[in-house]
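Below you'll find the structure, written out as C-alpha cells, and then a few comments.
The values are calculated or read from the model by the stated rules, or taken from the named source; none is laboratory data. As the structure is a computational prediction, the values presented were derived from the model and not from experiment. Please note: Cβ atoms are built from the backbone with ideal geometry, for glycine as well, and neighbour counts cover all protein chains shown.
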Amino acid sequence: MSASRNTFFTSIEQSTEFYYELSKLANESFDMKLVFDMQKYFQNAELFTALRSGIGFYHSGLAPSDRRLLEKMFAKSLIPVLVTTPSFAMGVNLPAHLVIIKNTVQCNQESTTEYDLSQIMKMIG
C-alpha cells in the first residue's frame, strides 16, 4: 500500500494510520495484508472505494452504521476530503481545516430558499 498521486493522503504514514484506526473502530486487529477486506465494515461499497483514495462522502441516504463510522473517522482527522450534504453539519461539531459551501439555496417542496445565516455559520463551524 502506498500513497500515490491517485490519493489525497499526504503520505504513506497517513494512509496507514487511516487503515489502522479503521481496524480499531471495527474492534479488529490490524494487518496491512487485509486492507482490501476492510470493505466489510461498510454497507456502501462505493464509499470504501472512495475512502481508499482519501475521499469520503456523506448524505442522509447512507446506512446509519456508515454515517457513524464516517463521523468517527472525520473527527479523528483520518479522512483528508469529505464531500457532504448539509445534514453532516447539523448537530455534529467536527473539526475541519477548510469548508467549501457550493450552494446556499435549499429546495423546499416546489420552491427554493436561501439558507439562514445561522445555518451557514453552523456548516462552516
- Message: Name the residue that is modelled with the lowest pLDDT, counting only residues in region 75-91 that are assigned to a helix (DSSP H, G or I) and surrounded by fewer than 16 Cβ atoms within 10 Å (Cβ to Cβ).
- Response: Ser87
- Query: Yes or no: Ser118 modelled with pLDDT of 80 or more and in a helix (DSSP H, G or I)?
  - Reply: yes
- Confirm whether Ala63 is closer than 19 Å to Glu21 by Cα, surrounded by fewer than 16 Cβ atoms within 10 Å (Cβ to Cβ) and either of a type in the set (A, V, I, L, M, F, W, C) or at pLDDT 90 or above (or both). no
- Filtered residue count, region 36-68, keeping only those that are assigned to a helix (DSSP H, G or I) and of a type in the set (Phe, Trp, Tyr): 3
